[in-house]
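Every read-out reported here was derived from the displayed coordinates using simple, explicitly stated rules and does not represent laboratory data. Predicted model, so just to flag it, every value in this text is computed and none were measured. All Cβ positions, glycine included, derive from the backbone under ideal geometry; neighbour counts span all protein chains shown.
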Amino acid sequence: MRGSERRVRVRRHAERWAFWLRRYGPAEVACLATMLAASIVAARLTSSPPLLAASAIAGATVGFYGVLGVTVIREQRRLLAPGLPRYAVRVASRTLLLLSAEFGVAELLDTFVWRPVLMVSAVVLLGEPLWGLLVGKAAADVLFYVVSALGYRMTELTGIRTPRPARTTHTLPRLDKVSHM
């Protein structure tokens, strides 16, 4: 492989990583901030570990999907013409569809399979709850983002991320002129 080909390949990989960091980075930061805020509030109200965990999860979910919801709404507002009938309904329904397509499978697998298994396994293997939870979370996040990125690409490849242009009806020749043929 020549030097110029290698540089192009490296630049292409860097651009891909930059895209994913721009897409998911702000959501992950918001997720962490709202998880901590919810945990602090919950810790003042209860000492129950299940309630603290539930509060942390709820806070994280609000932050993560709040940012991504706004991101997808902005994408769709740029793509849909504001003059279309039921514009707001179209933006909202497309946003819900795209978030479900991008994150649905990842969220189900993450919630019910990977995250619990990886977090418990890491706690047991490391013998330290805090580090085990962090390592398990990091491993689960990697799997979550791999599947989410595949979901995103599927919405691009199938064409559902970008709305189809409005169908134009073929105009028939005007019949108000009389033909003498």
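Compute the orientation-averaged projected area for the range 81-138 from the convex hull of its Cα atoms and round it to one decimal in nm².
Numbers: hull surface 21.0 nm².
If I average the Cα hull's projected area over directions, I get 5.2 nm².
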*What list of whole percents do you get for P(r) of the chain, with Cα-Cα distances grouped in 5 Å bins up to the one holding the largest distance?*
1, 7, 10, 15, 14, 12, 10, 8, 6, 4, 3, 2, 2, 1, 1, 1, 1, 0, 0
*Quick one: what do you get for the range 12-79 if you divide its Cα Rg by 2.2 N^0.38 Å?*
1.41
_Give me a comma-separated list of calculated 3J(HN,Hα) values for the range 16-22, in order, Karplus coefficients 6.51, -1.76, 1.60 applied at θ = phi - 60°, integers in Hz, x for any Gly or Pro._
5, 4, 4, 4, 5, 5, 5
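List Trp114, Trp17, Trp131 from most exposed to least, where exposure is judged by having the fewest other Cβ atoms within 10 Å.
Values: Trp114 19, Trp17 9, Trp131 12.
Least crowded to most crowded, the residues run Trp17, Trp131, Trp114.
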*Estimated [θ] at 222 nm from DSSP helical runs (n ≥ 4, -39500 (n - 2.57)) normalised by residues in the chain, nearest 500*: -27500 deg cm²/dmol
*asked:* Counting other C-beta atoms within 10 Å, and keeping those with at most 16, which DSSP coil trypsin sites (Lys or Arg not before Pro) do you find in the range 81-141?
replied: Arg86
*How do Thr162, Thr95 line up, fewest other C-beta atoms within 10 Å first?*
Thr162, Thr95
*In a shell of Cβ-Cβ distance under 15 Å around Phe64, excluding Phe64 itself, what net charge do Lys and Arg (+1) and Asp and Glu (-1) give?*
-2
